[in-house]
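Notes for the one structure printed next.
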Amino acid sequence: MIVMYEELKELMARKLEKAGLQPSHAEIVADVLAHADARGIHSHGAMRTEYYAERIAKGGITVDPDFKFTKTTPGTAVLDADNGAGHVAAKEAMEHAIGMARENGTAVVGIRRMSHSGAMSYFVQQAAEAGMIGISLCQSDPMVVPFGGAEPYFGTNPLAFAAPGKGDDKIIFDMATSVQAWGKILHARSKGESIPDTWAVDADGVPTTDPFKVTGLLPIAGPKGYGLMMMVDILSGVLLGLPFGKHVSSMYHDLTAGRELGQLHIVIDPGAFTSADLFRQNISGMMKELNEVKPAPGFDQVLYPGQNTTLQEQESMKNGIEIVDDILAYLRSDTVHNNQYDHKDPFAK
Ligand code: NAI
């Protein structure tokens, strides 16, 4: 069913509040989730609300966190998020990073001891809207086999990048370092479809087309993606003194405990390196030139990285967002959660 952004956000905010989150935090989490759905990233939108509601209700997200922001040098800082809602911590840390980059030209801000923060695009967009380059990286729970491995070690560790162009132009690129999200395997299971043999492996580490045999996802681009997901974990986990690799807490293992996750924001003021106006002009120029590249057979147009989600967002803001009926029914119901996520094995059939 189609819902407008504001209604979707309101429904999610009220549900999270009902689960126990304070209203100002519920507003922010709902905004990040609605942002993901509007951009067509449904894996990190409304479908996550019930999971968060269960975790909040069971105490695994601190509802009145004591955020401690420590500036460690003029250009670096750490926010200890006390296992509060990750979306709120990541948004607040990005606001600090933007302010610091305005003063120093660059800023690196780590967030430690946070909960899951959803789609990284939201946070790098904050930087681009402030005229800055934004990069954000975060850890996630182990589901991906290392190159050549038969058991998971790293998470789907995403990285996002945004840069401002002229006026409202901006590039927002945001990707997991695994070939596919776990949600795509579940989708194939639910439809009884096979999956391409490039997505995942079975218990012996052999690529499989049977979604029910999957026990590990594959990194993008073989050893190169494997190296990238390691880099993300080092920068957002090891660097912040947090559990890393296979020690990162599971999304579902214990919903009564904080997740202790890490995320890193890097913000660069283009004006510290070149003329900010020239930078923005050249970003817009690059976006335009990419759109003008001769398309290959089967393609109507070359898009700049991330443009598909930006186009989807423009369409969603005008005509509404398609949300699965069951999810909308849950959001509109009085149910806080159905006790279905705690101790769930993510690979269970
Ligand atoms: P995806 O595979 O749908 O897209 C990856 C990137 O490629 C996007 O920027 C997309 O706009 C771009 N793209 C796709 N098709 C394109 C085309 N034809 N032309 C130009 N650009 C194109 O995204 P993925 O990897 O499934 O990630 C989805 C979301 O999941 C992201 O928002 C990510 O931050 C989030 N995520 C969050 C995690 C967490 O623990 N918080 C863990 C893993 C992912």
Checklist entry - Just one of 318, 246, 294, 224 is under 21 Å from residue 135 (Cα atoms), open to solvent by 60 Å² or more (accessible area, probe 1.4 Å) and away from the ligand (no atom under 11 Å from the Cβ); which is it? => result 224
Checklist outcome for this item: Here the residues within the stretch 200-218 that are open to solvent by less than 10 Å² (accessible area, probe 1.4 Å) and in contact (Cβ under 8 Å) with a residue 60 or more places away in the chain are 214, 216, 217
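Determine whether residue 184 is more than 12 Å from the ligand (Cβ to nearest atom) and not small (Gly, Ala, Ser).
In short, no.
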Item to check | Tally, over the stretch 178-199, of residues that are assigned to a helix (DSSP H, G or I) and open to solvent by less than 70 Å² (accessible area, probe 1.4 Å) | outcome: 5
Item to check | Verdict on residue 312 being open to solvent by less than 40 Å² (accessible area, probe 1.4 Å) and within 13 Å of the ligand (Cβ to nearest atom) | outcome: no
Item to check | All positions within the stretch 41-77 that are under 29 Å from residue 269 (Cα atoms) and within 13 Å of the ligand (Cβ to nearest atom) | outcome: 41, 44
Item to check | Among the residues listed as 268, 323, 327, 283, the single one being under 19 Å from the mean Cα position of the chain (by Cα) and open to solvent by less than 50 Å² (accessible area, probe 1.4 Å) | outcome: 323
Next on the checklist: Given the criteria within 13 Å of the ligand (Cβ to nearest atom) and in contact (Cβ under 8 Å) with a residue 40 or more places away in the chain, does residue 261 qualify?
Outcome noted: yes
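Matching residues to (1) closer than 30 Å to residue 83 by Cα; (2) within 21 Å of the chain's Cα centre (by Cα):
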| position | (1), (2) |
| --- | --- |
| 191 | no, no |
| 200 | no, yes |
| 212 | no, no |
| 227 | yes, yes |
| 263 | yes, yes |
Item to check | Selection within the stretch 164-173 - open to solvent by 60 Å² or more (accessible area, probe 1.4 Å) and either assigned to a strand (DSSP E or B) or among the acidic types (Asp, Glu) (or both) | outcome: 168, 169, 173
Checklist entry - Which residues, taken from the stretch 215-232, are in contact with a Phe, Trp or Tyr (Cβ under 7 Å, 6 or more places away or on another chain) and not in a helix (DSSP H, G or I)? => result 215, 217, 218, 219, 222
Item to check | Test set (1) within 16 Å of the ligand (Cβ to nearest atom); (2) within 16 Å of residue 122 (Cβ to Cβ) - residue 25 fails condition number | outcome: (1)
Next on the checklist: Taking the condition of being out of contact with any strand residue (DSSP E or B) (no Cβ under 8 Å at 6 or more places or on another chain) and either in a loop (DSSP other than H, G, I, E, B) or at pLDDT below 95 (or both), how many residues in the stretch 1-28 meet it?
Outcome noted: 3
Next on the checklist: Pairs needed: first member in the stretch 163-177, modelled with pLDDT under 95; second member anywhere, within 15 Å of the ligand (Cβ to nearest atom); C-beta distance under 6 Å; at least 6 residues apart or different chains.
Outcome noted: none
Checklist entry - Scanning the stretch 126-154 for residues that are within 16 Å of the chain's Cα centre (by Cα) and in a loop (DSSP other than H, G, I, E, B), which turns out nearest to the ligand (Cβ to nearest atom)? => result 140
Checklist entry - Does the stretch 165-176 hold any residues that are within 20 Å of residue 32 (Cβ to Cβ) and either of a type in the set (D, E, K, R) or away from the ligand (no atom under 15 Å from the Cβ) (or both), and which are they? => result 170, 174
Checklist entry - Assuming residue 256 fulfils every condition listed in (1) open to solvent by 60 Å² or more (accessible area, probe 1.4 Å); (2) at pLDDT below 95; (3) not basic (Lys, Arg) apart from one, which condition is it? => result (2)
Checklist entry - In the stretch 269-349, which helices (runs of 4 or more DSSP H) lie fully inside it and hold 3 or more residues that are free of Cβ contacts under 8 Å to residues at least 60 places away in the same chain and farther than 30 Å from residue 256 by Cβ? => result 276-292, 307-319
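The values are calculated or read from the model by the stated rules, or taken from the named source; none is laboratory data. What you see is a predicted model; the values in this text were computed from it and never measured. Please note: Cβ atoms are built from the backbone with ideal geometry, for glycine as well, and neighbour counts cover all protein chains shown. The area values use the complete protein model at the heavy-atom level, side chains included, leaving out ligands, DNA and RNA. Shrake-Rupley method; radii C 1.70, N 1.55, O 1.52, S 1.80 Å.
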